[in-house]
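Reading through the structure tokens given below for one structure.
Coordinate-derived values only; no laboratory data. Note that the structure is predicted; figures quoted are calculated from it, not measured. Reconstructed Cβ throughout: ideal geometry from the backbone, glycine too, with neighbour counts over all protein chains shown.
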Amino acid sequence: MPSAFEIKGLRIVYSSKQGPVHALEGVSLQAEDGEFISVLGPSGCGKSTLMKALAGLLPPRRGSIRVYGEAVSGPTPGVGIVFQNAVLMNWRTVLDNIMLQVEVRRLDRRAHLVRARDLIRLVGIEGFEHHYPFQLSGGMQQRVSICRALIHDPPLLLMDEPFGALDALTREMMNLELQRIWLDRRKTVLFITHSISEAVFLADRVVVLSRRPGQVRAVARVGLPRPRDLATMESPEFVKIVGELRRELQAHGPLE
Ligand SMILES: Nc1ncnc2c1ncn2[C@@H]1O[C@H](COP(=O)(O)OP(=O)(O)OP(=O)(O)O)[C@@H](O)[C@H]1O
Ligand SMILES: [Mg+2]
């Protein structure tokens with residue numbers, strides 16, 4: 001089995017009217033199949049850039065990216081993406097928002113309708129299939145985005161601060177839900193966040209990026225047993241890892 005993804009010596013430079021913006025430098029990172037990796041780093045350090053590069057949406061200036069053994073040179077078919085804001089289409093129902101991926105990718109509609117209903121149950125929004133996004137809470141909208149990202153059954157799920165806009169309690173609940181979904185489906189996940197405790201709670205490994213141009217500063221392994229629950233966050237091991245990561249991040253400037 002090849003690695004889920006393998007990034008080697010990645011450099012990303014944006015061209016802009018104001019001149020080149022050096023976003024990532026020499027980033028190397030590898031994930032095993034089914035691994036959950038969280039990424040922390042100061043605002044503007046290149047986290048979203050890293051995700052877009054993995055999704056094949058940005059060409060590397062230097063270095064290479066492989067997803068399940070395949071060199072990435074354009075949009076990667078085997079990934080699902082959950083963006084920071086749910087970006088749902090307001091004129092489409094929940095079910096039709098999820099099925100949009102199926103239309104765009106020209107997949108079999110009937111088979112994927114069954115999958116869509118299965119995912120709707122998995123994330124706990126059954127009964128809302130025919131509601132419109134404005135009729136849902138922020139947490140429910142993010143659940144729809146997760147269904148949409150998983151509908152074509154990608155082995156790799158990329159999540160860019162998916163719960164950043166939610167209140168603290170909803171966010172904790174979504175973390176528990178995401179862990180449950182991950183334990184059920186065993187996708188490889190790259191999860192970007194500004195929250196150290198969220199990063200640790202979810203991950204097998206936490207990667208810390210430096211200020212721009214983003215470089216890998218530290219990688220912490222989280223060996224806490226699963227399933228983790230809210231009590232996990234009070235365990236000495238959890239508190240210790242969070243403290244270490246906070247010091248690592250503070251040594252290089254505040255998170256936001
Ligand atoms: N299309 C673009 N053109 C030029 N510069 C860009 C572009 N997209 C991002 N950048 C710049 O690249 C750097 C990294 O951006 P990126 O969005 O990856 O940061 P980030 O770590 O995700 O930040 P945040 O935590 O605020 O979401 C920033 O300085 C940003 O201004
Ligand atoms: Mg970002």
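Here are the numbers for this structure:
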{"read-out": "For segment 79-153: relative contact order, % (alpha-carbon pairs under 8 angstrom, 6 or more apart)", "value": "52"}
{"read-out": "Taking the convex hull of Cα positions in segment 79-153, its mean projected area over all directions (nm²)", "value": "4.5"}
{"read-out": "Inverse of mean 1/r across different Cα pairs in the chain, Kirkwood, Å", "value": "18.8"}
{"read-out": "Cα-based Lys proximity count in the chain, under 24 Å, for pairs eight or more positions apart or on separate chains", "value": "7"}
{"read-out": "Ranked Lys52, Lys17, Lys240, criterion: other C-beta atoms within 10 Å, fewest first", "value": "Lys17, Lys240, Lys52"}
{"read-out": "Label-point gap, in nm, between Asp118 and His194 - each point 7 angstrom along Cα→Cβ", "value": "3.7"}
{"read-out": "Ordering of 244-251, 227-234, 8-15, 211-218 by burial proxy (mean other Cβ atoms within 10 Å per residue, highest first)", "value": "211-218, 8-15, 244-251, 227-234"}
{"read-out": "Segment 119-168 and segment 187-256: distance between their alpha carbon centers, rounded to Å", "value": "23"}
{"read-out": "Distance between modelled label sites at Arg186 and Arg106, nm, 7 Å Cα→Cβ extension", "value": "3.3"}
{"read-out": "Size-normalised alpha-carbon gyration radius of segment 107-253, reference 2.2 N^0.38 Å", "value": "1.15"}
{"read-out": "Residues Thr93, Thr188, Thr193 arranged by fewest to most Cβ contacts within 10 Å", "value": "Thr93, Thr188, Thr193"}
{"read-out": "Rounded to whole Hz, the Karplus (6.51, -1.76, 1.60) HN-Hα couplings of segment 140-145, x for glycine and proline", "value": "5, 4, 5, 5, 5, 4"}
{"read-out": "Using alpha carbons only: equivalent-ellipsoid semi-axes of segment 184-256, gyration tensor based, whole Å", "value": "22, 15, 10"}
{"read-out": "Projected-area average for segment 1-96 over all orientations - Cα convex hull basis, square nanometres", "value": "8.2"}
{"read-out": "Normalised contact order of the chain, rounded percent, pairs of Cα under 8 Å and 6 or more residues apart", "value": "26"}
